[in-house]
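The values are calculated or read from the model by the stated rules, or taken from the named source; none is laboratory data. Computed from a predicted model, the values in this text were never measured in an experiment. Here the Cβ positions follow ideal geometry from the backbone for every residue, glycine too, while neighbour counts run over all protein chains shown. Areas reflect the complete protein model, heavy atoms only, side chains present, ligands, DNA and RNA absent. Shrake-Rupley method; radii C 1.70, N 1.55, O 1.52, S 1.80 Å.
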Amino acid sequence: MNEKILNPYYDRLPGSYLFSTIAKKIKEYQGTHANADIIRLGIGDVTTPIIPAAIDAMHKAVDEMACKETFRGYGPEQGYDFVREAIVRGEYTARGIEMDPDDIFVSDGSKCDVANIQELFATDVKIAIPDPVYPVYLDSNVMAGRTGVFGEDGHFSEVTYLASTAENNFQPDLPKNPVQLIYLCSPNNPTGTVLSRETLQKFVNYANENGALILFDGAYNCYIQDESLPHSIYEIPGARTCAIEFRSFSKTAGFTGVRCAYTVVPHELSKLHAMWNRRQCTKFNGVSYVVQRAAEAIYTPVGWEQTKAVIKGYMDTAAMIRSELTAAGYTVFGGEHAPYIWWKLPNGEKSFDFFDRLLATCEVVGTPGSGFGPCGEGYFRLTAFGDHEQTKVALKRIREKL
Ligand SMILES: *Cc1c(COP(=O)(O)O)cnc(C)c1O
C-alpha cells in the first residue's frame, strides 16, 4: 500500500499519548524497585460497582431477550422512548428546564459523540477549546485537518485556546479571534472547576451574536454540590439556539464499561438536529436494549438515591484530598464539584518533574497537568476515584515525605 493514500493529518497529532508515557515511567520505576507499593491517584476511571437498581434492570432485560414475546432486535438509533423520557424527567424537568425527548440522542459514549460531532461542520471553521481540557476535542479536530500545524509553543496555529488558570479564576475570556465552534467543559476535566452562570451567559451571547455554536460537555454535572451553579447549558437564556450538550452515564453511574451517554441537539437548531439524526442513522445502530434499561433505572427513586450515594463516596474522598493538601500548605483547586483536584505546584516546578519526584519520594502517581494543554503546565491532577483508605495512605506519605 502507498502511504500517500492515508489521512495526512494523523501525523499532526502531538507526541506520544499522555497515559502511555505515564505507564512507561511507572513500569521503569517498578523495574528498579522490586518492592514498590505504588498508589494511583491518577486514575480517570470509576471504581465503585454499578448500583443494584441498574443491575436488577439489566438482569430483567436479559431475561426478556431470552423469550420470544419480549425479545428485541434493532432499536431506534436515537434511543428508546422510555430512556429519552426518563432523561428529560430526571435531568431537565427536575431542574426546571424544558426539554423535548426528541432532542435527546442516546449513544454509547460521550467520547465518540464529542469526537464525531465535528464532521457536521465545514473543514475551514475555526474552533476554540479550553486550555487545559480533555484532549478529545482537539485531537478529533486535528484528525479532521481543522487545526493547522503544531508550534513550538505547544499550540496549533489555527486553534484559539481559552486559557483557564488560577489567574482568571478558571473562567476563560471570550475568544480573541473569530471562531465558529466553541468547546466548553464544566465541571472541567482536569481542573475540577465549574463555569459560572455569568461566564456561560457571556459565551451564549457571543455565540448567538456571531452565529457560532457551543459544544458543552457536562460529563461531571452530577458531581456539582451547589444547586445554584449551572448544571446544564440550557439553564442559560438563549442557549437553545446556539448549544449542543453532551452528557454521559460513565462518571454519573459508573457506566464506563457498560457504555451509555446522550447528546442534546435542541430542535431550534433544526438543520443541525436533522444532520445529527442522519449521521446517527447512517453510522450508528443504537445502544443495547439491556443497557438502556439500566440507564432508565438510574432515574427511579431508589436508583437515584443509590447513584447519589456513590457520588457522595467519591466526593468524600475529594474533600479529604483537598483538606489534607491545603493543611500541608499547598494550593489546590477543584474537588468541590468534581472528582478532580487541581494542584498548583509550588516554586514553578514543571508537571513532569513533579510526577517523577512524587513517584520517587512517595510512590504516588498522578497526572501531569501539561498533558491537558499548555496552561496545565505547573499543575498536577489527582482524582478521587481511587480507594478511600489507599488515598488516605497516599496523603500521609505526601505530608511526611514530599
Ligand atoms: C469521561 C469523560 C467523558 C465520558 O466519556 P464516555 O465515552 O461517555 O465514557 C466525556 N467527557 C469528559 C470530559 C470526560 O472526562
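If you take every residue apart from Arg146 with its C-beta less than 9 Å away from the C-beta of Arg146, what net charge results, scoring Lys and Arg +1 and Asp and Glu -1? Net of charged neighbours comes to -1.
Could you list the trypsin sites (Lys or Arg not before Pro) in the range 171-271 that lie in coil according to DSSP, counting only those with at most 15 other Cβ atoms within 10 Å of their Cβ?
Values: sites: Lys176, Arg197, Lys202, Arg240, Arg247, Lys251, Arg259, Lys271; in loops: Lys176, Arg259.
The qualifying sites are Lys176.
For Thr123 and Gln171, what does the FRET efficiency come to when R0 = 51 Å and r is the distance between their Cβ atoms, rounded to the nearest 0.05? Calculated value: 0.95.
Counting other C-beta atoms within 10 Å, and keeping those with at most 15, which DSSP coil trypsin sites (Lys or Arg not before Pro) do you find in the range 20-103? All intermediate terms of the calculation are to be shown ahead of the outcome.
Numbers: sites: Lys24, Lys25, Lys27, Arg40, Lys60, Lys68, Arg72, Arg84, Arg89, Arg95; in loops: Lys68, Arg72.
Filter output for the range 20-103: Lys68, Arg72.
Lys/Arg Cβ at +1, Asp/Glu Cβ at -1, dipole of the range 91-197 taken about the Cα centre: which of Gly145, Thr160, Leu181 is farthest positive-ward? Checking the options against the dipole of the range 91-197, the answer is Thr160. Whole-Hz Karplus values for the range 51-58 come out as 5, x, 4, 6, 5, 4, 5, 5 Hz, taken residue by residue from phi with 6.51 cos²θ - 1.76 cosθ + 1.60 and θ = phi - 60°; glycine and proline positions read x.
Taking only the alpha carbons of the chain, we obtain Rg and Dmax values of 21.5, 67 Å in that order. Counted without the sites themselves, the longest stretch of the chain free of chymotrypsin sites (Phe, Trp or Tyr not before Pro) in a DSSP loop having at most 14 other beta carbon atoms within 10 Å is 75-402. Taking amide H atoms as placed 1.01 Å from N in the peptide plane, the amide H of Asp131 lies under 5 Å from those of Leu162, Ala163, Ser164, each 5 or more residues away in sequence or on another chain.
Just how large is the dipole of the chain about the Cα centre, in debye to the nearest 20, putting +1 at every Lys and Arg Cβ and -1 at every Asp and Glu Cβ? Please list the in-between numbers first.
Numbers: 39 positive and 49 negative charges, 114 e Å.
Approximately 540 debye in magnitude.
Proximity of backbone amide H atoms, modeled 1.01 Å from N, is registered between Ser248 and Tyr262 at under 5 Å, excluding neighbours fewer than 5 places apart on the same chain.
A dipole drawn for the chain from +1 and -1 charges on Cβ atoms has a positive end, and of Pro190, Thr70, Cys281 the residue lying farthest that way is Pro190.
If you take every DSSP beta bridge whose two residues both sit in the chain, what share of them, in percent to the nearest 5, is antiparallel?
Numbers: 20 of 38 bridges.
Expressed as a percentage, antiparallel bridges in the chain total about 55.
Amide H contacts of Ala243 (H built 1.01 Å from N, in plane; Pro and chain starts excluded): Ile214 sit under 5 Å, all sequence-distant by 5 or more or on other chains.
Summing +1 for each Lys or Arg and -1 for each Asp or Glu among the other residues whose beta-carbon sits under 14 angstrom from that of Glu167 gives -2.
Within a straight-line Cα-Cα reach of under 28 Å, Lys312 can be paired with the following lysines, leaving aside sequence neighbours fewer than 8 residues apart in one chain: Lys60, Lys111, Lys251, Lys344, Lys392, Lys396.
Take every pair of alpha-carbon atoms less than 8 Å apart whose residues are at least six positions apart; their mean separation over the length of the chain yields a relative contact order of 23 percent. Solvent-accessible surface (1.4 Å probe) assigned to Met275 amounts to roughly 70 Å². Volume per residue of the convex hull around the Cα atoms, evaluated for the range 29-181, comes out as 265 Å³.
How large is the accessible surface per residue of the chain, computed with a 1.4 Å probe and reported in Å² as a whole number? Don't jump to the answer; show the numbers that get you there.
Values: 17750 Å² over 402 residues.
About 44 Å² of surface per residue is accessible.
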